[in-house]
Each structure stands twice: as C-alpha cells, then as structure tokens.
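*Asks:* I have a structure I would like to understand better, so I am pasting it below and will then ask my questions one at a time.
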Amino acid sequence: MPVRANDPEDKVRQLQRRLWTCAKRSKTRRFHALYDRIYRDDVLWQAWKRVKANRGAAGVDEQTIAEIEASGVEQFLGNIRETLRAGEYRAQPVRRRYILKADGKQQRPLGIPTVRDRVVQMATKLVIEPVFEADFLACSYGFRPKRNATQALEAIRQAGNRGHNFVVDADIRAYFDSIDQGKLMAMAEKRISDRRVLKLLKKWLEAGVMEDGALRSTLAGTPQGGVISPLLANLYLHELDRIWSSRCSELGVLVRYADDFVVMCRTQTAAKETLRRLGLIMGRLGLELHPEKTKLVDLSAGRQGFEFLGCSLRKRRSIQRAPHRRYLHRWPSPKALKKLRTRVHELTDASRSGASDVREIIASLNPLLRGWGNYFRTGNAEREFNRIDAYVYERLRRWHWRRGGQRTRHRPAAWPRERYHALGLHRLRGTVSYPVHATPIRPTVSRVQEICTHGLKGGAGIVSA
C-alpha cells in the first residue's frame, strides 16, 4: 500500500494531544507502544514536510532533498516505512561541518545527518516529544512547541523589575559534547519502555561522525545539527529544571533556553549560593560551568548588564513611568548588530554592482531586515533600529554610486530615503512593539485598542499540538 500525501495533518495533532494528555495525567506512566506510530503514513509525511521546510545540506550519502523529489517522495517514504517495519533501519554517520561562533573566532562543530535519517528522527520526535513535553517545566523556553526566545527574555525582564537584581549568567562548557549518553538513555527510559524506540535513540547517539573521510565513534554527547538533538538536550537539562524547582527555587528565578540559562536572585548572598548549587547540579549531570563565561552580574542602579539570546540587558531610568526608578531594558547586543551590518555589507558590496535594478538589492535585504527586526522589536531597540536604517540607506547610496562607474549620473539628492522605502525597502524605525508590562503610564489610544483587540503576542504554552 503506497504512502498517501493527502492524509490530514490533524491526525498527527490528534495523536500528539492524546499522548500529551496521557502523560500529563500520570507522571509515572511509561509508554510501550510508540514504534508503530513512527512509520504511520501521516506521521512520515508530516516529518518529510518539516525536513523539507528546514532545507539543509546532504549527509554522508550526498543525497539532497531535490534529488529525492525528482525520484519520487512516495517511494522514498515507502522505503523508510518498510525498513522501519521490518526492523532493518540503520543510522548512518553524521557529516561533520564547522560554523563560526558568535565571537567570530571559535568554531562550532555540526553533525549533519542524511535526509533519510532526518526524516526518521523527525517522525520519532513528533511521536515522543508530547510525552516529554508533559513533564518539562515552565522555566524552559528553547526548542519547545509554542515557546520562544522572546518569552524567555520577557521572563527575565519581569523578574528584574520585581527586584531580582543579582544575575547568575551561566555557561556550560561544551554542553553537547559532554552529555553522558548512559544517563540520557536512563532519563528517556523513565517515560518510554518501547525497546524499539529506545534502540532508535541509541543508534543516533552512537552513529559516529564522518570527517575528512574518516569515521570517528561517539562515546559521549549528542551531535549538534540532528533533528532529535534539541529534544534530547532539553530532556537532559530537565533534571536541572526539576532540581531547581523542587529544592532551590527560594534562591531565584531560573530562565533556561536550551543550554543557555540565567538565575535571577534578589540578593548577592543568594546569587553566590546559586553558583555553588549550580556547580553541584552540573557535577551530578557530568557537566561543568565554564569558569570564564559564568559570572555574577549586579543590575542594581544600572551598574552592570549582561547579554542573553542576542540581547544586551541593563537597568535604565524611565522618564515616562517613574524617573526615580530603573527598569530592565533590552536591545540588540553589539555582536548581533555587527553580524547584521556584516550581512548587509555583503548584500550591497561591489560584487552586487551588476544587479539589474535597485529593487533586486532591496528584495535581498528585506527578508534579513524583517527577520532581525521581528526578533528584537519587543525590546527597547529604537536607537539601534534607527542606526541600522541609516546604515542600510548609506550602503544603498554607495551601491548606486559604484554602479554608475567613473562617470556616474547618480545624484544622491534624487534618491532620498523615502524613495527607497517607496520601492519596498523595509523600515525598522517605528516597528518596536512594547509588551503590556512595558507600556508608558499614558499609552496612546491606538496602542490600547491594539492590546485589547489582539492581546499580548507570543503567549506561553506547553501543550504540544
């Protein structure tokens, strides 16, 4: 029976809701019949759609998504289904690639599975994620359904404005490479008793890494780049969330996004005790806090600030609300600004002088500006947005000048900013959107109507749908 592409996505959502509900009702239930759901037609098609949407490079077999589409997706998924059903599936090694970290100096290793393995991982994730999601706590925001970085930043802002002025900004040394695979599998077994599903997880952890034609085994860690890796990383650090919530919550507020987390404390004494206890918890998990990157920050009176999830956070006076008080503000970090300016420079440099029209340059800039602006617009980024608008305008003027050559007819006065915006250039200025808690005492009528009509965007939720 061939795989059908017209199965509704609602079936997958209904399956996830049932699994989440069952797991939520019983904290001790272990699920034993999950494997046959992984190779269901609707689950495989949904997995394929998500893998295709994420794009990504080919793995060690060099088979691309385009090649699979050319040869037939139904046949490709049918082969996966039959292989899984017969118990003959074997994970292939991941392909090693390196990308620069945010500091621009160190490299982060990525492991790229084959498209086939990514589809199986995604199908497995669709089935088992609701089970673990029912246990995950509210302090975790990274790579979870209906949760995002903006919510994590909002939790930090609210805690800071409630008097949590001492921040433990923690960094785990080589987290993905330090995960104890034995402990991770033991954590998975607390909820899953289906031996075939556990065998899949173990295969991906032990698949190995192919680098420069040599195969290297992986005895620890989980490869960054795998579809299943974020879920496994959250599962491993759920132990941190659980211990903190049950034994240490009186010290401060934990906010975690994947392996990046902070603890907001009211006193310096509590912050120092937090550092000590975090060291003990990390030791229990076989992890280590980075001694140079983990620090204690004093936010009171705006003395210090810190960076988290691409934002700089520091307390500032608020002229509109209460001049004698300080509130925690956030705006794009210097690293985020530098990265954006570098990308804008690349899209408008001399190599693009052959573009047929300025509209072509604008079309390449707009997705970058919109995505960057949407991420940072809920903070206090007016000044940075204005500077980026000015930089983009200057780069477009330079592009026009170079394109004309030595005897250019380009006249800057004939190309004011408004003309570029009339051609569709995205403007960051005026797009900052304050959350309800950060609005001035006397918000405009239009802002009140917007809040009443649409509510606060990005509401938290943990139900996997």
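The values are calculated or read from the model by the stated rules, or taken from the named source; none is laboratory data. In this text, all values refer to a predicted model and were calculated from it rather than measured experimentally. A quick note on method: Cβ atoms are made from the backbone with ideal geometry, for glycine too, and the neighbour counts reach across all protein chains shown. We work out accessible area using only protein heavy atoms, side chains counted, and drop any ligands, DNA or RNA first. Shrake-Rupley method; radii C 1.70, N 1.55, O 1.52, S 1.80 Å.
*Asks:* In region 208-225, which residue that is under 19 Å from residue 108 (Cβ atoms) and hydrophobic (A, V, I, L, M, F, W, C) is farthest from the chain's Cα centre (by Cα)?
*Replies:* Among those that are under 19 Å from residue 108 (Cβ atoms) and hydrophobic (A, V, I, L, M, F, W, C), it is 210.
*Asks:* Need the failing condition index for residue 122 against (1) open to solvent by 20 Å² or more (accessible area, probe 1.4 Å); (2) at pLDDT 90 or above, just the number.
*Replies:* (1)
*Asks:* Do we find that residue 29 is free of Cβ contacts under 8 Å to residues at least 60 places away in the same chain, open to solvent by 90 Å² or more (accessible area, probe 1.4 Å) and out of contact with any strand residue (DSSP E or B) (no Cβ under 9 Å at 6 or more places or on another chain) in this structure? It would help to see each step written out before you state the result.
*Replies:* Working: free of Cβ contacts under 8 Å to residues at least 60 places away in the same chain: no; open to solvent by 90 Å² or more (accessible area, probe 1.4 Å): yes; out of contact with any strand residue (DSSP E or B) (no Cβ under 9 Å at 6 or more places or on another chain): yes.
So residue 29 fails the test.
*Asks:* Filter region 213-223 down to the residues that are open to solvent by less than 40 Å² (accessible area, probe 1.4 Å) and either in contact with a Leu (Cβ under 6 Å, 6 or more places away or on another chain) or hydroxyl-bearing (Ser, Thr, Tyr) (or both), then identify the one that is nearest to residue 142 (Cα to Cα). Steps first, please.
*Replies:* Step one: filter region 213-223 for residues open to solvent by less than 40 Å² (accessible area, probe 1.4 Å), giving 218, 221-223.
Pick out the ones that are also either in contact with a Leu (Cβ under 6 Å, 6 or more places away or on another chain) or hydroxyl-bearing (Ser, Thr, Tyr) (or both) and you get 218, 222.
Details: 218: 25, 222: 17 Å.
Among those that are open to solvent by less than 40 Å² (accessible area, probe 1.4 Å) and either in contact with a Leu (Cβ under 6 Å, 6 or more places away or on another chain) or hydroxyl-bearing (Ser, Thr, Tyr) (or both), it is 222.
*Asks:* Of the conditions (1) of a type in the set (Gly, Ala, Ser); (2) part of a helix (DSSP H, G or I); (3) farther than 24 Å from residue 195 by Cβ, residue 138 clears all except one; give me its number.
*Replies:* (2)
*Asks:* If I ask for residues that are open to solvent by less than 30 Å² (accessible area, probe 1.4 Å), in a loop (DSSP other than H, G, I, E, B) and touching a residue at least 60 places away in the same chain (Cβ under 8 Å), which ones from region 418-432 would you list?
*Replies:* Answer for region 418-432, where residues must be open to solvent by less than 30 Å² (accessible area, probe 1.4 Å), in a loop (DSSP other than H, G, I, E, B) and touching a residue at least 60 places away in the same chain (Cβ under 8 Å): just 425.
*Asks:* Only one of these is open to solvent by 30 Å² or more (accessible area, probe 1.4 Å), within 18 Å of residue 113 (Cβ to Cβ) and not in a loop (DSSP other than H, G, I, E, B): 66, 57. Name it.
*Replies:* Details: 57 fails: not in a loop (DSSP other than H, G, I, E, B).
None of the others qualify; the one that does is 66.
*Asks:* Do you know which residues across region 270-290 are open to solvent by less than 60 Å² (accessible area, probe 1.4 Å) and not in a helix (DSSP H, G or I)?
*Replies:* Of everything in region 270-290, those that are open to solvent by less than 60 Å² (accessible area, probe 1.4 Å) and not in a helix (DSSP H, G or I) turn out to be 286, 287, 289, 290.
*Asks:* Considering only residues of region 224-244 that are outside any helix (DSSP H, G or I) and open to solvent by 30 Å² or more (accessible area, probe 1.4 Å), which is nearest to residue 121 (Cα to Cα)? Spell out the reasoning first.
*Replies:* Step one: of region 224-244, the residues outside any helix (DSSP H, G or I) are 224-228.
From what is left, the residues that are open to solvent by 30 Å² or more (accessible area, probe 1.4 Å) are 224-225.
Values: 224: 13, 225: 12 Å.
Across region 224-244, the extreme among qualifying residues is 225.
*Asks:* Would you pick out the residues in region 179-206 that are farther than 14 Å from residue 236 by Cα, touching a strand residue (DSSP E or B) at 6+ places or on another chain (Cβ under 8 Å) and open to solvent by less than 20 Å² (accessible area, probe 1.4 Å)? Talk me through it step by step, then tell me what you get.
*Replies:* To start, the set of residues in region 179-206 that are farther than 14 Å from residue 236 by Cα comprises 192-200, 202-204, 206.
Filter once more, so that each one left must be touching a strand residue (DSSP E or B) at 6+ places or on another chain (Cβ under 8 Å): 192-194, 198.
Result: 192, 194, 198.
*Asks:* While we're on this one: Is it the case that region 363-383 has a residue that's crowded, with 17+ Cβ neighbours inside 10 Å, at pLDDT below 95, within 30 Å of residue 154 (Cα to Cα) and of a type in the set (Ser, Thr, Tyr)?
*Replies:* Yes: one or more hits.
*Asks:* Please find, within region 145-173, the residue that is most open to solvent (accessible area, probe 1.4 Å) out of those that are part of a strand (DSSP E or B) and within 16 Å of residue 252 (Cα to Cα).
*Replies:* Residues of region 145-173 part of a strand (DSSP E or B): 166-172.
Within this subset, residues satisfying the condition of being within 16 Å of residue 252 (Cα to Cα) are 166-170.
Details: 166: 34, 167: 0, 168: 0, 169: 13, 170: 6 Å².
Among residues in region 145-173 that are part of a strand (DSSP E or B) and within 16 Å of residue 252 (Cα to Cα), the one most open to solvent (accessible area, probe 1.4 Å) is 166.
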